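Structure, as structure tokens:
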Amino acid sequence: IPIILLSAKSSLDDRISGLEQGIDDYITKPFSATYLKIRIKSLLHQRKELQEIYWKAWSEKLNNTQETTLEEKLTPSQPQIISYDEQFMQQVMQVMEEQMENSELTVDEFAQLLNLGRSVFYQKLKSIIGLSPVDFIREIRIKRAVQLIDSGEYNFSQVAYMTGFNDPKYFGKCFKRQMGMTPSEYKENKRDDS
């Protein structure tokens, strides 16, 4: 959620302090209502674009199942400055990976694992990727299910349990809602494409 601070304090130190606290913009009084409206639209547009970028990046990362070579494992990663949102999403994905098979995972428990309150977790996740925690968990589980089905090593019941679904029928329903086809149809289409 973008945060704009409207303040009568206009010193450079005050502005820097505000920006260091994580606000998106610092506007001093008196201010133009037109400028404020345009700034809000701009920030919301930027957030929407970031949602799309993050979601695409995390989807690709989840789908990237290639083995790394020994050389890649021994090469230090490039130092990067990571935004708070990206750091947050890395933590979210780490928890999701650890809890993938946990069919009892609740939004409250997920938030607690991130040391956040439920509402803060909900708002932050929704603002970054545009999905509620429940929808996000289901989306990631179905993406993992696709990976497991593609591997050809597991039957659909095993895939359901490995992705945190207690009921293979419910898994099939969720899979169809997200993928537009049942797991069987998906597997058949993959076989036909080969």
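Each reported figure results from applying straightforward, stated rules to the coordinates on display, with no laboratory input. The shown structure was predicted, so the numbers you read here are calculated from the model rather than taken from an experiment. Glycine gets a Cβ as well: all are built from the backbone with ideal geometry, and neighbour counts include every protein chain shown.
The charge dipole of region 4-57, taken about its Cα centre with unit charges on the Cβ atoms of Lys, Arg (+1), Asp and Glu (-1) only, comes to about 280 debye.
Compared with the dominant principal axis of the Cα atoms in the chain, helix 133-151 is inclined by about 40°.
Globularity index of region 1-60 is 1.36 (Cα radius of gyration / 2.2 N^0.38 Å, N = number of residues). The modelled label-to-label distance for the pair residue 9/residue 42, using points 7 Å beyond Cα in the direction of Cβ, is 2.3 nm.
Between the helical axis of 33-63 and the longest alpha-carbon principal axis of the chain there is an angle of about 30 degrees. Using C-alpha pairs under 8 Å with a sequence gap of at least 6, the mean separation divided by the residue count of the chain gives a relative contact order of 17 percent.
Of all segments of the chain bounded by chymotrypsin sites (Phe, Trp or Tyr not before Pro) found in a DSSP loop with no more than 16 other C-beta atoms within 10 Å, the longest spans 32-153. In the set (1) 18.7, 67; (2) 24.3, 94; (3) 21.2, 66, which value of Rg and Dmax of the Cα atoms in Å was calculated from the structure you see? Correct label is (3).
Please tell me which of these pairs span more than 20 angstrom C-alpha to C-alpha: 126/169; 9/126; 56/126; 143/176? Cα-Cα > 20 Å for 126/169; 9/126; rest within.
The residues neighbouring residue 186, those whose beta-carbon lies less than 15 Å from its own, together hold a net charge of +4 under the Lys/Arg +1, Asp/Glu -1 convention. Amide H contacts of residue 164: none lie under 5 Å away among residues 5 or more positions distant or on a separate chain (H built 1.01 Å from N in the peptide plane; Pro and chain starts excluded). Averaging the sequence gap over all C-alpha pairs within less than 8 Å and six or more residues apart, then dividing by the number of residues, gives region 83-193 a relative contact order of 23 percent.
Computed extension length for residue 154-residue 184: 9.6 nm, one decimal, from 0.36 nm per residue of separation with the Cα-Cα distance subtracted. With the helix formula -39500 (n - 2.57) applied to DSSP H stretches of n ≥ 4, the chain reaches a computed 222 nm mean residue ellipticity of -21000 deg cm²/dmol.
Between residue 126 and residue 20, the contour length at 0.36 nm per residue exceeds the Cα-Cα span by 35.9 nm. 3J(HN,Hα) along region 4-10, derived from phi through the Karplus expression 6.51 cos²θ - 1.76 cosθ + 1.60 where θ = phi - 60°, amounts to 10, 9, 9, 9, 7, 6, 10 Hz, with x in place of Gly and Pro. Between the helical axis of 118-129 and the longest alpha-carbon principal axis of the chain there is an angle of about 90 degrees.
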